[in-house]
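The values are calculated or read from the model by the stated rules, or taken from the named source; none is laboratory data. In this text the structure is predicted, and so the values were computed from the model without any measurement. When we count neighbours, we look across all protein chains shown, and the Cβ atoms used for this are built from the backbone with ideal geometry, even at glycine. These accessible areas exclude ligands, DNA and RNA; they are computed on the full protein's heavy atoms, side chains included. Shrake-Rupley method; radii C 1.70, N 1.55, O 1.52, S 1.80 Å.
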Amino acid sequence: EELDAENRPAWNSKLQYILAQIGYSVGLGNVWRFPYLCQKNGGGAYLVPYLVLLIIIGLPLFFLELAVGQRIRRGSIGVWNYICPRLGGIGYASCLVCFFVGLYYNVIIGWSIFYFFKSFQYPLPWSECPIARNGSVAGEDGGDAAGREQFLGRGGCRTLETPDVCIYWRLGTLEAGESPGDMDWMGEGATGSSAVQVPYPHGDVSSGCAHAASLLPQVMYFSSLFPYVVLVCFLVRGLLLRGAVDGIMHMFTPKLDKMLDPQVWREAATQVFFALGLGFGGVIAFSSYNKQDNNCHFDATLVSFINFFTSVLATLVVFAVLGFKANIMNEKCVSVQGTGLAFIAFTEAMTHFPASPFWSVMFFLMLINLGLGSMIGTMSGITTPIIDTFKVRKEVFTVGCCIFAFVIGLIFVQRSGNYFVTMFDDYSATLPLTVVVILENIAVAWIYGTKK
């Protein structure tokens, strides 16, 4: 069957396409997932398996998805149906993974938006202990020990030595319950998260394509370059802090015994999948709007190593801040991981920065920007293949997807929502992505044929 290449929208320029792929692959995971895994798995020892797996697994698979997308010019469902109808389920699996990840990823962006608007205050609201008044967090008062005890007794941190930012995160933002069974309704911070479920399905390509020309190219330039400006500013500022060098030395001091642990290699491989967006279908969706003679080999190499550079840059910033935190605030240190690295460790450190609201606004604006770029690509992994395959009206599908995602997403913004975010982050994509990319490789190398 002849491919309708002439009727498919195309990127306005190669630069816009590259920036879109970078905006998709560089996301929140580069800021809070990669640094945490680096710290957990032996610092510099983790960088070695990650770089090895990036070269021998990530780069070839990324090239594979770029190539099949621009050659067949379909979304993930259409691509794998074209290559081998019996393996068409690969595309549906990719859509399902995108849907699961999009649900909880939106909530993390919602937390960033909540902190962003709370940053326009001095002092920052999490710099002092919030007090529970009439069952809600109504203000800040660092001197009321009885109020603090009342606040701590509602399911958050249990000791008076707990940092104020941890209390604000657990109860001021999440109003978290004590167990996954606590299904009470959400508070102010979590309610803001639920609204983020609505906008994303509207953009199955972020910009540059003819059918998305209403989004100005300048928006893409800003969204792709702004995080690097913020990270460089944070790195320069972080290096001026006492103890920053200690944190960076800890990052590059390898625990060589960790390199023999299979778990380290498994987590490095999973992070490669997440970092490049492999198996989600977003890479295929973006590349399907390219010309068929585009040099996707160059694109794969460029985007892969820009992504690696961004992860290392963000990790340098994080470890500089954590080194400062360990030297200045070691009496209140808490173990943080995942989302906590951004919403606890960073917020605590920024309370000690001069002009702390400015740094807080910049940091959370960067997180929002990173999250939006990745979410647009994730939603492209759903909308592009569904619209291509079933020829549904884009408006009808968008509205239906919005409503359905909003309703399902409410589970993440109840008092037990943080437990579900953690569960989905750990289990919803790891094994499915591994299966998807293995089947993609089999489909192209042994069924379609590499000579083609």
Can you tell which of 384, 398 is part of a helix (DSSP H, G or I) and at pLDDT below 80?
-> 398
Of the residues in segment 67-100 that are part of a helix (DSSP H, G or I) and touching a Leu at 6+ places or on another chain (Cβ under 7 Å), the one that is nearest to residue 451 (Cα to Cα) is 72
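Residues are listed down the side, and each one gets a yes or a no for (1) surrounded by fewer than 24 Cβ atoms within 10 Å (Cβ to Cβ); (2) without any contact (Cβ under 8 Å) to a residue 24 or more places away in the chain; (3) more than 24 Å from the chain's Cα centre (by Cα); (4) part of a helix (DSSP H, G or I):
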| position | (1), (2), (3), (4) |
| --- | --- |
| 258 | yes, no, yes, yes |
| 265 | yes, no, no, yes |
| 275 | no, no, no, yes |
| 290 | yes, no, yes, no |
| 300 | no, no, no, yes |
Picking from 415, 393, the residue that is among the charged types (D, E, K, R), open to solvent by 20 Å² or more (accessible area, probe 1.4 Å) and in contact with a Gly (Cβ under 6 Å, 6 or more places away or on another chain) would be 415
Considering segment 253-295 alone, what residues qualify as being under 23 Å from residue 16 (Cα atoms) and among the aliphatic types (A, V, I, L, M)?
-> 275, 276, 278, 283, 284, 285
Test: residue in segment 20-28 that is in contact with an Asp or Glu (Cβ under 8 Å, 6 or more places away or on another chain), surrounded by fewer than 23 Cβ atoms within 10 Å (Cβ to Cβ) and within 28 Å of residue 390 (Cβ to Cβ) = no
Filter segment 27-66 down to residues that are small (Gly, Ala, Ser) and outside any helix (DSSP H, G or I) and give me whichever is farthest from residue 266 (Cα to Cα).
-> 27
Pairing a residue in segment 344-366 that is assigned to a helix (DSSP H, G or I) with any residue that is open to solvent by less than 40 Å² (accessible area, probe 1.4 Å) and β-branched (Val, Ile, Thr), where Cβ atoms lie under 6 Å and the two sit 6 or more apart in sequence or on different chains, gives 344/165; 344/336; 345/336; 347/165; 348/165; 349/321; 362/230; 366/230
Where residue 104 falls short, out of the listed (1) over 22 Å from the mean Cα position of the chain (by Cα); (2) modelled with pLDDT under 85; (3) hydroxyl-bearing (Ser, Thr, Tyr) = (1)
Per-region count, segment 402-412, residues open to solvent by 10 Å² or more (accessible area, probe 1.4 Å) and aromatic (Phe, Trp, Tyr) | 2
Check off (1) in contact with a strand residue (DSSP E or B) (Cβ under 9 Å, 6 or more places away or on another chain); (2) open to solvent by 10 Å² or more (accessible area, probe 1.4 Å); (3) not in a loop (DSSP other than H, G, I, E, B) for residue 286 and give me the number that stays unchecked.
-> (2)
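Yes/no matrix, rows are residues, columns are (1) of a type in the set (S, T, N, Q); (2) open to solvent by less than 10 Å² (accessible area, probe 1.4 Å); (3) modelled with pLDDT under 90:
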position	(1), (2), (3)
56	no, no, no
66	no, yes, no
71	no, no, yes
76	yes, yes, yes
85	no, no, yes
109	no, yes, yes
113	no, no, yes
Give me a count of the residues in segment 433-447 that are closer than 13 Å to residue 67 by Cβ and surrounded by fewer than 17 Cβ atoms within 10 Å (Cβ to Cβ).
-> 2
Could you list, in sequence order, all residues of segment 273-300 that are among the hydroxyl-bearing types (Ser, Thr, Tyr) and touching a helix residue (DSSP H, G or I) at 6+ places or on another chain (Cβ under 7 Å)?
-> 287, 288
Does segment 302-319 hold any residues that are of a type in the set (Val, Ile, Thr) and either open to solvent by 40 Å² or more (accessible area, probe 1.4 Å) or more than 23 Å from residue 39 (Cβ to Cβ) (or both), and which are they?
-> 303, 306
Segment 240-254: number of residues that are within 15 Å of residue 312 (Cα to Cα), open to solvent by 50 Å² or more (accessible area, probe 1.4 Å) and assigned to a helix (DSSP H, G or I) | 3
Could you list, in sequence order, all residues of segment 376-390 that are open to solvent by less than 10 Å² (accessible area, probe 1.4 Å) and over 14 Å from residue 278 (Cα atoms)?
-> 383, 384, 385
